[in-house]
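Data block below; observations after.
A short reminder: the numbers here are calculations on the coordinates, not readings from a lab. What you see is a predicted model, and the numbers here were worked out from it, not measured in a lab. So basically every Cβ, Gly included, is an ideal-geometry build from the backbone, and we count neighbours across all protein chains shown.
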Amino acid sequence: MVEFDQYLGFLAFLTILTIGFWLMIFLLTFVVPYWLTGNLMEMWKERREAKKAKRNE
């Protein structure tokens, strides 16, 4: 028979596993694309400014 302490440990394990799963889903579907999009936009802005500065010389 399962004792109460083992039951609480199993619930804690499931809770941590579920939190980790949803954190990975959140990171892969929102944070990483947001970071990449911002990074690419910043690179394009810097290139555009470098081209404008080169033309004005």
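Potential lengthening of the chain between PHE4 and LYS52 amounts to 10.3 nm, from the contour at 0.36 nm per residue minus the alpha-carbon distance. In sequence order, the stretch 7-21 has phi-based couplings of 5, 5, x, 5, 5, 5, 4, 4, 5, 5, 4, 5, 4, x, 4 Hz under the Karplus curve 6.51 cos²θ - 1.76 cosθ + 1.60, θ = phi - 60°, and Gly or Pro positions carry x. Under the convention that each Lys and Arg Cβ holds +1 and each Asp and Glu Cβ holds -1, the size of the dipole of the chain around its Cα centre is about 860 debye.
A simple rule links phi to the HN-Hα coupling: the Karplus curve 6.51 cos²θ - 1.76 cosθ + 1.60 with θ = phi - 60°, which for the stretch 32-37 gives 5, x, 4, 5, 5, 4 Hz, with x for Gly and Pro.
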